[in-house]
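Student: Pasting a structure here, questions to come.
The values are calculated or read from the model by the stated rules, or taken from the named source; none is laboratory data. Predicted model only: the values in this text are computed from it and were never measured. Because the Cβ atoms are built from the backbone with ideal geometry, glycine has one as well, and the counts that use them run over all protein chains shown. Just so you know, the surface numbers come from the protein's heavy atoms only, side chains and all, with ligands and any DNA or RNA stripped out. Shrake-Rupley method; radii C 1.70, N 1.55, O 1.52, S 1.80 Å.
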Amino acid sequence: SNWGTLDQYDIIERHTQSGLELVEKYVKFVKERTEIEQNYAKQLRNLSKKFNIKRSSKDEPECRFSSYQSFLDILNEMNDYAGQRELIAENMMMNICIDLTKYLQELKQERKTVSLIWRRPGAQQSLESTYKQLDSSKKRFEREWREAERAAQYAEKTDQDINATKADVEKAKQQAHMRAHVAEECKNDYAAQLQKYNKEQNQFYFNDMPLIFNKLQDLDERRVRKLAQGYVLFSDTEKHVMPIIGKCLEGITKAGTNVNERNDSMVVIEQNKSGFERPGDVEFEDYSQGINRASSDSSLGTPKGPMDLLGKNKGKNFWLFSKRSKPTVTEDFAHLPPEQRRKRLQQKLEEICKELQKEVDQSEALGKMKDVYEKNPQMGDPASLASQISQTSQNIERLRGEVNKYEVIMTSIRRSFTIMRHYIMSPDGAHSDESTPDPSQAIYAEFDDDFEDDELAAPIGKCTAMYNFPGASEGTISMQEGEVLAVVEEDKGDGWTRVRRNNGDEGYIPTSYVTITLNK
């Protein structure tokens with residue numbers, strides 16, 4: 001199981017180099033994945049921004065529709081979703097790409113160090129040198145042994161030759177003895193060199209080389225483990241943000257379920273009802289009986305009398321039969337129908353009052369600051385506040401003038417509505433006790449009630465809610481299914497009934513949302 005049992009360094013070197021290249025390839029793969037995530041997130045953000053156009057005014061009619069609000073919620077959720085995709089890219093870059101790149105550099109340096117140990121002059125060169133010495137001693141031993149054999153054969157041949165002298169025989173024997181002695185020394189030297197070489201070879205192949213190969217094995221196995229962790233992080237990084245992505249998707253689903261088509265229809269009615277009654281039937285005018293045309297309440301002609309006081313409101317009863325031109329928006333909202341005009345005037349008056357209160361608070365703060373500066377000159381110059389105090393005073397005077405102006409307009413509208421109702425109840429211009437007013441003709445009665453003193457009217461019945469109603473529109477009141485409310489004003493034909501809670505809260509609710517029981 002250890003690389004130390006191998007004996008081919010070149011193969012191990014190629015294998016470890018291939019492993020390092022695999023790490024580099026994986027880092028490059030993850031980098032390109034992060035680029036895809038970043039581009040995807042950028043496109044999602046741009047898409048959300050493109051469709052989420054900021055309105056210059058919060059009074060845009062569609063802003064009150066649940067379908068419109070749900071679409072804005074979806075765009076916001078998609079923007080949050082894009083943020084999670086960016087987080088995936090960021091975590092992959094930090095925890096995989098940067099971390100693996102740093103680890104890869106450490107591995108390369110360690111591998112280089114081991115390679116230098118392998119290639120340094122020493123063990124291999126020493127082993128090669130010892131082998132050369134061994135081979136040289138072996139060849140010398142072989143050569144001397146052959147010479148000793150030839151010398152021994154010559155001495156034996158000389159000893160058997162009858163013509164040889166005793167001196168020749170003795171010389172041949174001495175020569176053979178000397179050669180045998182030299183051969184024996186060469187043999188001993190060869191044996192010593194062989195023992196030395198085997199010892200060094202054993203040290204190299206069973207100690208030095210396995211140690212280096214095992215180091216390379218440990219390096220490669222650590223590289224594989226680190227790479228495997230990078231593989232797991234590739235999945236875990238995305239899994240980590242999946243719960244938040246799931247919440248974004250749940251938010252989109254919730255936005256869809258929050259759409260309430262019935263409430264949106266009610267908002268359309270609330271935003272667009274004019275406040276005018278629909279015209280009644282035109283009565284037959286019998287000229288043979290001398291009936292005065294101008295005395296007919298339902299005549300298409302322009303009524304005479306107090307109706308003229310309404311000025312530009314004349315003839316609006318029959319707007320269904322005329323082509324409506326685009327209104328010119330004026331400061332007093334005279335282009336709007338009566339009910340819408342009243343609401344806008346009231347809203348404008350409240351805004352001016354809030355702005356006036358801010359200026360008054362600012363004036364008081366500047367006054368206190370001036371007093372502090374006068375008592376403690378080291379803290380500031382009182383003269384430096386003169387321009388701000390003057391500007392604030394001018395703003396207060398201007399805003400008070402606007403408040404007075406709008407209050408006059410509101411008062412004039414209330415008086416006009418009162419005159420109008422009086423005229424409708426007494427067509428001849430004088431109210432009489434004998435005349436019985438037609439409730440269907442009291443066009444502006446509901447507006448006159450809004451401007452009268454807030455005196456709690458006695459309930460005329462009660463109602464039970466069949467559905468939930470949020471009461472988000474101006475003048476409405478919320479209710480829950482099954483809730484019982486007191487009825488203080490019947491539906492006047494516009495689909496709304498005025499109710500009151502036990503705590504005194506009053507407002508309008510859709511008539512179709514409740515079952516009503518009137519007092520007998």
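Student: State which residue pairs qualify: first residue over 25 Å from residue 184 (Cβ atoms) and of a type outside the set (D, E, K, R) and inside segment 145-167, second residue open to solvent by less than 70 Å² (accessible area, probe 1.4 Å) and in a helix (DSSP H, G or I) in any location, beta carbons under 7 Å apart, and separation of 6 or more residues or different chains.
Tutor: 164/158
Student: Could you tell me which numbered condition residue 176 fails, if it satisfies all but one of (1) surrounded by fewer than 17 Cβ atoms within 10 Å (Cβ to Cβ); (2) more than 30 Å from residue 15 (Cα to Cα); (3) in contact (Cβ under 8 Å) with a residue 12 or more places away in the chain?
Tutor: Going through (1) surrounded by fewer than 17 Cβ atoms within 10 Å (Cβ to Cβ); (2) more than 30 Å from residue 15 (Cα to Cα); (3) in contact (Cβ under 8 Å) with a residue 12 or more places away in the chain one by one, residue 176 breaks only (1).
Student: Another question about this same structure. Need pairs with beta-carbon distance below 6 Å; first residue within 27 Å of residue 356 (Cβ to Cβ) and within segment 377-393, second surrounded by 12 or more Cβ atoms within 10 Å (Cβ to Cβ) and of a type in the set (Gly, Ala, Ser); sequence gap 6+ or separate chains.
Tutor: Taking only residues 6 or more apart or on different chains, the pairs are 392/363.
Student: Can I ask one more? Just need a number here: residues in segment 320-375 that are assigned to a helix (DSSP H, G or I) and either open to solvent by less than 80 Å² (accessible area, probe 1.4 Å) or at pLDDT 60 or above (or both).
Tutor: Residues that pass the stated criteria total 38.
Student: Determine which member of the set 187, 226, 215, 196 is open to solvent by 60 Å² or more (accessible area, probe 1.4 Å), within 30 Å of residue 27 (Cβ to Cβ) and in contact (Cβ under 8 Å) with a residue 24 or more places away in the chain.
Tutor: 215
Student: Hey, any hits in segment 260-276 for a residue that's assigned to a helix (DSSP H, G or I) and under 30 Å from residue 97 (Cβ atoms)? Even if it seems obvious, please write down each step before you answer.
Tutor: Filtering segment 260-276 for residues assigned to a helix (DSSP H, G or I) gives 261-272.
Okay, now just the ones that are also under 30 Å from residue 97 (Cβ atoms), so none.
No, segment 260-276 has no match at all.
Student: Now for a separate question. Does residue 511 count as within 21 Å of residue 66 (Cβ to Cβ), open to solvent by 20 Å² or more (accessible area, probe 1.4 Å) and among the β-branched types (Val, Ile, Thr)?
Tutor: In short, yes.
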